[in-house]
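Undergrad: Sharing a structure with you now.
The values are calculated or read from the model by the stated rules, or taken from the named source; none is laboratory data. Quick caveat: nothing in here was measured; it's all calculated off a predicted structure. Here the Cβ is made from the backbone with ideal geometry for all residues, glycine too, and neighbour counts use every protein chain on show. The accessibility values were calculated without ligands, DNA or RNA, using every heavy atom of the protein model including side chains. Shrake-Rupley method; radii C 1.70, N 1.55, O 1.52, S 1.80 Å.
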Amino acid sequence: MDKKKTAVVVIPTYNEAENIKKMIDCLFSDIFNKIDNYKMMLLIVDGNSNDKTADIVKDKMKKFENLHLIVEEKKEGIGAAYVKGFNHAVKSLKADVLIEFDGDFQHPPELIIKLLDEIDKGYDYVIGSRNAKGGAYPSHWGFKRHFFSRFGGFVARFILFFPFSPFFKITDPTTGLKATRVENFFDKLKLDKLKYKGFAYKLELMHKMVELDAKVKQIPFKFGLRSYGDSKIDAQTPKEILKAVFRLRFNDKKSWRFVKFGTIGFLGYLVNSFFLEFLSGTLAMEKIASLFVILKDVFFLKVFTNRSAWAAGFATEISIIHNFTLNNIWTFRSKEHKASSKIFSRFLKFNFTAIGAIIIQFLAVGFGTLIFGNTLLIRQASLIFAIVFINIPYNWIMYNRVIWKKKK
């Protein structure tokens, strides 16, 4: 019989005496006993509360074997508390899955079952979203709280991830309800080097998980109202979050790669544009086009008789060679991509995938000049249209997923 994996629910507390007793009873009596495929543990990290929260937990530990407690010497922030809990859960409790949870019932306890179900389906990072379909914020919140939570979350998400896929996959970046696979993900995080000990730790950990290519899944949840105790959000939280997302994005390797990609792409456009004009007036393009004169009476094939279309194709190939060279030595430069033995094969693969770009610009310039006239303005407008609306997204996907894809 296979050994059960261990899931550890980590709850940070500070003056939660009114809530924690009910939460412990609820989890062990109503939730954990419904989960058969995991050994469930609960770890409380208390910030040295003065309302005897830790004493209540210690008393409950006599009844529940899988209840654990860490008491901090002093309260350092919710992020610092979670890090201590995560480290203890992984190193001492041998956790396979970590679940971030609140002790005030704002997170519905029954969602722990749903989080683990999604982990079992192969997801590495399952997050509760108040913005997903079926999720909700407390109806009793005032306009100001709603505005800052929703708009602030969107701004944080935009700065942190746009225009990459996590921007569309993660709709609630400040959520505190998460389940994370430890193997190959959490065990690779250097938690002791986290820069933020307060609320912004959520964004930093999320950013790191995305960097590790974790398979993300959102589940909707309805955020409850706190009955007792004080919120962990203080007046400095919005400022901390804004500072964190700007700092994380500024140091994001993928973002800088996109900037480099865009810079080289613009230089490639200049090369493309120059050779399009240069080659359009050459005898060589005229001779190539004349080989297809038999097709001149069929409009959709007449493009092959257009010297500007052929010039666009050859100019695109020249810009492809230019872009490959610069991207190889700058944008996607890494130890993995430096091996000279792989450069030629990568170049062949690059050219093979770039056939799409050549065809796109051949047709765009060819049909553009056939319909609107073979002038410099039309040639350049057709070229820009093809590059901006088709080639840029096409090339970015090919570069990342085919040419310079890193092996896991």
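Undergrad: If H146 meets every condition in (1) open to solvent by less than 80 Å² (accessible area, probe 1.4 Å); (2) part of a helix (DSSP H, G or I); (3) within 21 Å of K215 (Cα to Cα) apart from one, which number is that one?
TA: (3)
Undergrad: Could you tell me which residue of region 5-31 is surrounded by the most Cβ atoms within 10 Å (Cβ to Cβ), considering only residues that are outside any helix (DSSP H, G or I) and of a type in the set (D, E, K, R)? Show your work before the answer.
TA: We begin by selecting, within region 5-31, every residue outside any helix (DSSP H, G or I); these are 5-16.
Narrowing the set further to residues that are of a type in the set (D, E, K, R) leaves 5, 16.
Numbers: K5: 18, E16: 26.
Among residues in region 5-31 that are outside any helix (DSSP H, G or I) and of a type in the set (D, E, K, R), the one surrounded by the most Cβ atoms within 10 Å (Cβ to Cβ) is E16.
Undergrad: If you don't mind, there's one more thing I want to ask. Go through region 246-265 and count every residue that is within 23 Å of G152 (Cβ to Cβ), without any contact (Cβ under 8 Å) to a residue 24 or more places away in the chain and not aromatic (F, W, Y).
TA: The number of residues fulfilling the criteria is 2.
Undergrad: May I ask you to verify whether G268 is open to solvent by less than 60 Å² (accessible area, probe 1.4 Å) and either of a type in the set (F, W, Y) or modelled with pLDDT under 85 (or both)?
TA: no
Undergrad: While we're on this one: Quick one: which helices (runs of 4 or more DSSP H) lie wholly within region 280-383 and hold at least 3 residues that are of a type in the set (S, T, N, Q) and modelled with pLDDT under 80?
TA: On the way: elements: 283-290, 299-302, 307-326, 340-353, 355-372.
Because the criterion is at least 3 residues that are of a type in the set (S, T, N, Q) and modelled with pLDDT under 80, the helices (runs of 4 or more DSSP H) in region 280-383 that meet it are 340-353.
Undergrad: Give the residue, chosen from K75, K94, K22, K62, that is within 23 Å of V182 (Cβ to Cβ) and not polar (S, T, N, Q).
TA: Details: K75 fails: within 23 Å of V182 (Cβ to Cβ); K22 fails: within 23 Å of V182 (Cβ to Cβ); K62 fails: within 23 Å of V182 (Cβ to Cβ).
Just a single option satisfies the conditions, and that option is K94.
Undergrad: Take the residues in region 158-172 that are open to solvent by 40 Å² or more (accessible area, probe 1.4 Å) and without any contact (Cβ under 8 Å) to a residue 40 or more places away in the chain; name whichever of them is nearest to F221 (Cα to Cα).
TA: We begin by selecting, within region 158-172, every residue open to solvent by 40 Å² or more (accessible area, probe 1.4 Å); these are 158, 162-163, 165, 168-169.
Narrowing further to those that are without any contact (Cβ under 8 Å) to a residue 40 or more places away in the chain: 158, 162-163, 165, 168.
Details: F158: 22, F162: 24, P163: 25, S165: 22, F168: 18 Å.
Ranking the candidates gives F168 first.
Undergrad: Scan region 32-48 for residues that are part of a loop (DSSP other than H, G, I, E, B) and open to solvent by 20 Å² or more (accessible area, probe 1.4 Å) and jot them down.
TA: Result: D36, N37, N48.
Undergrad: Does region 84-109 hold any residues that are within 16 Å of D46 (Cβ to Cβ) and free of Cβ contacts under 8 Å to residues at least 60 places away in the same chain, and which are they?
TA: K84, H88 - these are the residues of region 84-109 that are within 16 Å of D46 (Cβ to Cβ) and free of Cβ contacts under 8 Å to residues at least 60 places away in the same chain.
Undergrad: When only residues in region 173-193 that are under 18 Å from the mean Cα position of the chain (by Cα) and either more than 23 Å from M41 (Cα to Cα) or at pLDDT below 85 (or both) count, which is most open to solvent (accessible area, probe 1.4 Å)?
TA: K188
Undergrad: Within region 98-121, can you find the residues that are open to solvent by less than 10 Å² (accessible area, probe 1.4 Å) and under 20 Å from the mean Cα position of the chain (by Cα)?
TA: The answer is L98, I99, E100, L115, E118, I119.
Undergrad: So A214 ticks every box in (1) in a loop (DSSP other than H, G, I, E, B); (2) open to solvent by 30 Å² or more (accessible area, probe 1.4 Å); (3) modelled with pLDDT of 80 or more; (4) of a type in the set (A, V, I, L, M, F, W, C) but one. Which box is left unticked?
TA: With respect to (1) in a loop (DSSP other than H, G, I, E, B); (2) open to solvent by 30 Å² or more (accessible area, probe 1.4 Å); (3) modelled with pLDDT of 80 or more; (4) of a type in the set (A, V, I, L, M, F, W, C), A214 is out only on (2).
Undergrad: Residues being of a type outside the set (G, A, S) and at pLDDT below 85: count how many of those fall in region 160-172.
TA: Of all residues in region 160-172, those of a type outside the set (G, A, S) come to 160-164, 166-172.
Now drop any that are not at pLDDT below 85, which leaves 160-164, 166-167.
So the count comes out to 7.
Undergrad: Taking region 49-76 only, how many residues are crowded, with 19+ Cβ neighbours inside 10 Å and out of contact with any strand residue (DSSP E or B) (no Cβ under 8 Å at 6 or more places or on another chain)?
TA: Residues that pass the stated criteria total 1.
Undergrad: Ok, one more. Considering region 271-289 alone, what residues qualify as being open to solvent by less than 70 Å² (accessible area, probe 1.4 Å) and of a type in the set (A, V, I, L, M, F, W, C)?
TA: Across region 271-289, the qualifying residues are V271, F275, L276, L279, A284, M285, I288, A289.
Undergrad: May I ask you to list pairs of residues, at least six apart or on different chains, whose Cβ atoms are under 6 Å apart, with the first in region 295-322 being closer than 13 Å to F275 by Cβ and the second being part of a loop (DSSP other than H, G, I, E, B)?
TA: S308/N374; I320/A354
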